[in-house]
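Presented below is the structure to which this report refers.
The numbers here are math on the coordinates, done by the rules we state, and not lab data. It should be emphasised that the depicted structure is a prediction, and the values quoted were computed from it without experimental measurement. Using ideal geometry, Cβ is built from the backbone for each residue, glycine included, and neighbour counts are taken over all protein chains shown.
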């Protein structure tokens, strides 16, 4: 389990630093990458929550692995930090338009949303 905590801690730092870098660039790059990185931060927050059920990872440790940005941060992230089952995750995310279908197979269900998000955003990237 320790290697997974290290991996998720490093990925959190990467996402947060890359988001700051993109926002400092400004313009279309900040808009395009900001939306994609927010989506990834939210996806990871939900994924970490669900994957931590039934492990020795404490709720405090789980919350420390969540990225500190995204559309779900901080309100839903706080609720997910306290969640004890998938029903609590669904209830926390429902007001934000994340349906319970997304939790059946998380990565598979989020992929179509990511594909819909990326092409229109990618068109705006500066060359």
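Please work out whether the range 1-105 counts as rounded, prolate or oblate from its C-alpha gyration tensor, where a ≥ b ≥ c are the square roots of the eigenvalues and a/c under 1.5 means rounded, while otherwise a/b larger than b/c means prolate and anything else oblate?
Numbers: a/c = 2.35, a/b = 1.38, b/c = 1.71.
Cα axes put the range 1-105 in the oblate bin.
Extent of the range 1-55 along its three principal axes (Cα atoms, max minus min coordinate, largest first): 43, 18, 8 Å.
Once the Cβ-Cβ distance between residue 4 and residue 28 is put in as r, and R0 is 30 Å, what FRET efficiency do you end up with, to the nearest 0.05?
Working: r = 35 Å, r/R0 = 1.18.
Efficiency at R0 = 30 Å is approximately 0.25.
Between residue 85 and residue 14, the simple spin-label model (points 7 angstrom out along Cα→Cβ) gives 3.4 nm.
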